[in-house]
1. Would you mind working out the magnitude of the charge dipole of segment 42-152 relative to its Cα centre, with +1 at each Lys and Arg C-beta and -1 at each Asp and Glu C-beta, to the nearest 20 Debye?
2. With an 8 Å Cα cut-off and a minimum separation of 6 or more residues, compute the relative contact order for the chain in percent.
3. With θ set to phi - 60° and the Karplus curve 6.51 cos²θ - 1.76 cosθ + 1.60, what are the ³J(HN,Hα) couplings of segment 206-216 in order, to the nearest whole Hz, using x for Gly and Pro?
4. About its Cα centre, what dipole magnitude does the chain give when the only charges are +1 on Lys and Arg Cβ and -1 on Asp and Glu Cβ, stated in debye to the nearest 20?
5. Return the calculated 222 nm mean residue ellipticity for the chain, to the nearest 500 deg cm²/dmol, obtained by summing -39500 (n - 2.57) across DSSP H runs with n ≥ 4 and dividing by the residue count.
6. Under a point-charge model restricted to the Cβ atoms of Lys and Arg (+1) and Asp and Glu (-1), what is the dipole moment magnitude of segment 127-274 relative to its Cα centre, in debye to the nearest 20?
7. Can you pull out the trypsin sites (Lys or Arg not before Pro) in segment 228-294 that DSSP calls coil and that have at most 15 other Cβ atoms within 10 Å?
8. Of the chymotrypsin sites (Phe, Trp or Tyr not before Pro) in segment 1-104, which ones lie in a loop per DSSP and count no more than 10 other C-beta atoms within 10 Å?
Amino acid sequence: MVRPALLTAMLGYTFVVLGLLVDIGRSWAIWKPMLYWNPTSVLFEVAMCVMFYLNVLYLEFLPIVVARFKGRVALPGPLAVLNAPVDGLLRLADAVLPKIMWIFIIAGVVLSCMHQSSLGSLMLIAPTKLHPLWYTPLLPLLFLTSAIAVGYPMVVFEATLATTSLGLDSEMEVLTPLTRITIFLLGTYLALKIGDMVVRGTYVYLLDGTAQTNAFIVEVLLGVIVPWLMLLSPTVRQSRRALFIACCLIVGGVLVNRINVFVVGYRPPISEANYFPAIGEILVTVGLIATLMFIYRFLVTVLPVLNQPKQEVSA
């Protein structure tokens, strides 16, 4: 489960950066935060964390590449003169990386926690622009706990799609125990979400019937409560299809939460226009996701990322 999850994270963050190159409008200026620091800016902290975290993910993935090509480097044509140096680098990485990998693991956990919580902090400066159902001093904590809660469901989502697509064994003996942990993680996020709403008294908005309140109800009901109740059932956790559905709801719930916070719930008082992505923005996003899936499929067929079917292993 570790290698596919690592590959998913590495490709996901890589394509987030590629998407940002398009999204900022001036892609040639994306390097400027590295030189022109603004330590009082939350967005600066997010940018730096994502940059360092992406490099950490590449370093964590490097042992998989080493395992595949060490001792088997065979570059074609004129590049053959590089076979020995490249193989030497791979052997050096194989000797050094296992001894220092704990540093990158710790760095990855710290950096990911920092920027996930900071994404919530971005909206703390907009108390009059964000709908009360989402605006709360706990936004950084809610973003962090939701990101942690969606980790294992994302592993189930990715593993189920990959094993089904490639005809591999289902890995249910690993996925079922993971989802027992998700019950606690998702329950913690749900308790914080509902508790914050009760303490602040924002539940009075739930019956307004507006697009914002309906979006909040869909987010919490279908993205948190329903899958949490589903995972409480041992039958669901042991069923591949039911478990996949529950994890899809959790992943979709976190996705809807981010859309709600930054798009649906964001209403500047000086503007009456509602933002909706243009067709070009949608097509760029779809194209990036499709490219990610293609590269994932290519890498798992070239590198030792997924387990082979048990009958082939035994043979």
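None of the figures in this text is laboratory data; all of them are computed from the coordinates on show. Just so you know, these numbers come straight off a predicted model, no measurement behind them. All Cβ positions, even for glycine, are placed from backbone atoms using ideal geometry, and neighbour counts span all protein chains on display.
1. It comes to approximately 200 debye.
2. Normalised by residue count, the contact order of the chain is 22 percent.
3. Once rounded to whole Hz, the list reads 5, 9, 5, x, 7, 4, 5, 5, 5, 5, 5.
4. 320
5. Helix-only estimate at 222 nm: -23000 deg cm²/dmol.
6. On the way: 9 positive and 8 negative charges, 39 e Å.
Result for segment 127-274 is approximately 180 debye, rounded to the nearest 20.
7. The qualifying sites: there are none.
8. Answer in residue order: W31, Y36.
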